[in-house]
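As structure tokens, the structure follows; a few thoughts come after it.
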Amino acid sequence: MLIVLFGFADIGSERYTFGFTIRDSPTYFINVSSWGREEYIRSLSESFRVGDCVTIENPLVQSKEGEREEKFNPVTPSCYKLLISENHSVVKTSSCYEMDTKLLSLSHLPVKDPQDYYSLGDIVANGQSLDGRILNVLAAVMSVGEPKYFMTSDKRKGQRCEVKLYDETETSFPIICWDNESIQLAQSWIPRKTVIFAADVRINFDKFRNCMTATVISKTIITTNPETAEANILFSFIKESAQSGALHDKMEEQSKESINLETIVNVYTVKQLKEKALQSDGKLEPVFGIIYGYISTLDIDDNVSKVIRNRCSICRFVVNEMSNTCTFCGDISSNSESTFASFDILVNLTDHTGTLYSCYLSDCVAEETLGCTVHEFLTLTEDKKTALKWQLLLERSKIYFKITLSPSWRTGLKVNILSCKLADPTEASQSLLGRRKRLNHVD
């Protein structure tokens, strides 16, 4: 049994290939490659993720071709590589109950010397002299952007996700992910709580933005929350910065920039989203899109504790109301300025094909949707709260959303509403007619 450190699939070219890196000890790790039919490679690449434990049966052991192979693959200490054959090899994934805890601990151990890295400030200071260099980076995650999808000039689908990093020397530094595996990994990172050690990222000077950037490439291996002395120092810095409020303004700026609604253009029905989730086999990537529908449940005139919750003024995480503590920043004083009241509402979204239950309408998006701040809402009488509810219920709206699989969520799907405004009747009708035409064309 081995743990997967890295994965990279090239699907869409004439020759379908898939490569990943595995390790079973702190010292030794090795590259694995496979090529073959599209169906086989796609199925193999989707059968496990970075951090999963796998067992490989009957691989072919080959000598590594040194510099030629390591130009595009992670550098490993082994003189060999493994080749997986569709006809002779088997890759089995282990369930959470079968995983070896010793193997799981390896996922937090960097593959490079933990002291061999550049600070973000060093990269910025060296500037264009580092353009094109392959370096290691240790940094904390400031924000994770939504994946953006595009079509290349040769009609191949592409995607991109930008993550903002920070450390003691720099408050915002972009690292860009282009492949599906690193984008999915990035979506699991928690801003201002996650630290990464990125081995072998490419550093470039972005002429358009006039700044240095890092890019995840096919050689890169990322260790999330590394268990090293250097990472522990950075974890301490994160906590101290949050407690002092030093990064508060920057966080506000990043949160506003993290999701650009103009980049979200795909329109879905509720039925399509549910089918997409059912067909995902538990590995649904975050989906950003638009629904033309309406809020069918909005209990804002019920118990106020179901509508408003306290958040930490420093990091914006929800405060535990029983213990009055923030799980990130630690204890919170009795000073009322330590927390602020924020909308935290569960609503149902409905269109002509069905209903999405327990969707998350919170914070600034809820204020924009309701048309009032939390403090203004608290001054409303019960009758006015009910009147406000009926102004919004059953009104056809244009709803931007982010949806992810979440086994812990009551419906199995976690839906975050990014914007909810009354829809333009013409636009909504054209969208509905467009979907019907496409369906009729398929039929």
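The values are calculated or read from the model by the stated rules, or taken from the named source; none is laboratory data. Please read these numbers as outputs of a predicted model, since none were measured by experiment. Cβ: placed from backbone, ideal geometry, glycine included. Neighbour counts: every protein chain shown. What goes into the accessible areas is simple: the full protein's heavy atoms, side chains included, and nothing from ligands, DNA or RNA. Shrake-Rupley method; radii C 1.70, N 1.55, O 1.52, S 1.80 Å.
For the stretch 39-54, enumerate the residues that are surrounded by 11 or more Cβ atoms within 10 Å (Cβ to Cβ) and either of a type outside the set (Ser, Thr, Tyr) or modelled with pLDDT of 90 or more (or both).
Passing the criteria: 41, 42, 44, 46, 48, 49, 50, 51, 52, 53, 54.
Determine which single condition residue 182 fails, assuming it passes every other condition in (1) surrounded by fewer than 19 Cβ atoms within 10 Å (Cβ to Cβ); (2) within 30 Å of residue 289 (Cβ to Cβ); (3) free of Cβ contacts under 8 Å to residues at least 60 places away in the same chain.
Every condition holds for residue 182 apart from (1).
I'm checking my understanding of the structure. Among residues of the stretch 90-115 that are of a type in the set (S, T, N, Q) and surrounded by fewer than 17 Cβ atoms within 10 Å (Cβ to Cβ), which one is farthest from residue 213 (Cα to Cα)?
Checked the stretch 90-115; the qualifying residue farthest from residue 213 (Cα to Cα) is 95.
Got a sec? Which of 284, 298 is modelled with pLDDT of 80 or more, open to solvent by less than 70 Å² (accessible area, probe 1.4 Å) and under 22 Å from residue 348 (Cα atoms)?
Answer to the check: 298.
Any idea which of 160, 156, 192 is closer than 16 Å to residue 234 by Cα and of a type outside the set (A, V, I, L, M, F, W, C)?
It is 192.
Looking at residue 87, is it more than 30 Å from residue 402 (Cα to Cα) and surrounded by fewer than 16 Cβ atoms within 10 Å (Cβ to Cβ)?
yes
Could you check, for the stretch 45-58, whether at least one of its residues is without any contact (Cβ under 8 Å) to a residue 40 or more places away in the chain and either over 24 Å from residue 285 (Cβ atoms) or over 29 Å from the mean Cα position of the chain (by Cα) (or both)?
Looking through the stretch 45-58, at least one residue is without any contact (Cβ under 8 Å) to a residue 40 or more places away in the chain and either over 24 Å from residue 285 (Cβ atoms) or over 29 Å from the mean Cα position of the chain (by Cα) (or both).
Among the residues of the stretch 81-103, is any closer than 23 Å to residue 18 by Cα and part of a helix (DSSP H, G or I)?
Yes, some residue in the stretch 81-103 is closer than 23 Å to residue 18 by Cα and part of a helix (DSSP H, G or I).
Which fully enclosed strands (runs of 3 or more DSSP E) of the stretch 107-171 have 3 or more residues being closer than 30 Å to residue 28 by Cβ and either charged (D, E, K, R) or touching a Ser or Thr at 6+ places or on another chain (Cβ under 9 Å) (or both)?
Once the strands (runs of 3 or more DSSP E) in the stretch 107-171 are filtered for at least 3 residues that are closer than 30 Å to residue 28 by Cβ and either charged (D, E, K, R) or touching a Ser or Thr at 6+ places or on another chain (Cβ under 9 Å) (or both), what remains is 134-144.
Tell me whether the stretch 108-131 contains one or more residues that are within 23 Å of residue 285 (Cβ to Cβ) and touching a residue at least 40 places away in the same chain (Cβ under 8 Å).
Among the residues of the stretch 108-131, not one is within 23 Å of residue 285 (Cβ to Cβ) and touching a residue at least 40 places away in the same chain (Cβ under 8 Å), which makes the answer no.
A quick yes/no check of all residues on (1) open to solvent by 70 Å² or more (accessible area, probe 1.4 Å); (2) within 22 Å of residue 49 (Cβ to Cβ); (3) touching a Leu at 6+ places or on another chain (Cβ under 8 Å):
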site	(1), (2), (3)
117	yes, no, yes
135	no, no, no
148	yes, yes, no
155	yes, no, no
189	no, yes, no
196	no, yes, yes
201	no, yes, yes
204	no, no, no
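Which of the residues that make up the stretch 364-389 are crowded, with 18+ Cβ neighbours inside 10 Å and under 30 Å from residue 269 (Cβ atoms)?
365, 366, 369, 370, 388
How many residues does the stretch 206-226 contain that are under 22 Å from residue 30 (Cβ atoms), of a type outside the set (S, T, N, Q) and open to solvent by 10 Å² or more (accessible area, probe 1.4 Å)?
Total satisfying the criteria: 4.
Looking at the stretch 184-232 only, could you name the residues that are under 17 Å from the mean Cα position of the chain (by Cα) and part of a loop (DSSP other than H, G, I, E, B)?
188, 189, 190, 191, 192, 193, 194, 216, 225
Against the condition part of a helix (DSSP H, G or I), modelled with pLDDT of 85 or more, open to solvent by 70 Å² or more (accessible area, probe 1.4 Å) and β-branched (Val, Ile, Thr), how does residue 238 come out, does it pass?
Answer is no for this residue.
Can you name every one of the helices (runs of 4 or more DSSP H) wholly within the stretch 323-433 that holds 2 or more residues which are closer than 16 Å to residue 309 by Cα and at pLDDT below 90?
363-370
Can you pull out the residues in the stretch 302-320 that are open to solvent by 40 Å² or more (accessible area, probe 1.4 Å), modelled with pLDDT of 80 or more and in contact with a helix residue (DSSP H, G or I) (Cβ under 8 Å, 6 or more places away or on another chain)?
304
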